[in-house]
Amino acid sequence: MQLTFARMAAGAVVLALILRTRTEHVPRDWPFVGHITVAAVAGNVIPYLLFAVGEQTVDSSLAGVINATTPLWTVLVALAAGQSAA
């Protein structure tokens with residue numbers, strides 16, 4: 001969990017620095033913050049956390065193979081959800 005937190009915090013710092021150098025601001029209205037939070041948790045925090053937990057019980061070679069199939073699973077989930085894969 002600490003590694004996942006450190007990766008997310010490092011990414012947030014880099015993005016904050018980029019925004020500061022470009023003199024741009026992040027919108028602070030609650031609907032935007034809520035949508036970004038849900039997207040960040042679903043797209044970043046949960047996968048990284050589950051991958052770290054899974055690495056404790058699975059060999060690294062198997063974990064690498066499973067991780068390499070991520071694009072295939074994305075296509076299957078998109079097709080199951082009725083979205084275009086392209």
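Modelled spin-label separation between PHE5 and THR70, with each label point placed 7 Å from Cα along the Cα-to-Cβ direction: 2.3 nm. Going by alpha carbons, how many degrees (0 to 90, nearest 10) lie between the helix axis of 70-80 and the longest principal axis of the chain? For 70-80 against the chain, the angle is about 90 degrees.
Expressed as a whole percent, the accessible surface of segment 1-45 that belongs to carbon and sulfur atoms is 72, based on a 1.4 Å probe. Looking at segment 18-62, the trypsin sites (Lys or Arg not before Pro) that sit in a DSSP loop and have at most 16 other Cβ atoms within 10 Å of their own Cβ are ARG22, ARG28.
Note on THR57 and ILE36: their simple-model spin labels are 3.5 nm apart, each label 7 Å out from Cα toward Cβ. Averaging 1/r over every pair of different alpha carbons in the chain and inverting the result gives a Kirkwood radius of 15.6 Å.
Axis angle, to the nearest 10 degrees, between helix 30-40 and the longest C-alpha principal axis of the chain: 30 degrees.
The values are calculated or read from the model by the stated rules, or taken from the named source; none is laboratory data. Every value quoted in this text rests on a predicted model; they were computed, and no experiment measured them. Note that each Cβ is placed from the backbone with ideal geometry, even for glycine, and that neighbours are counted across all protein chains shown. Areas reflect the complete protein model, heavy atoms only, side chains present, ligands, DNA and RNA absent. Shrake-Rupley method; radii C 1.70, N 1.55, O 1.52, S 1.80 Å.
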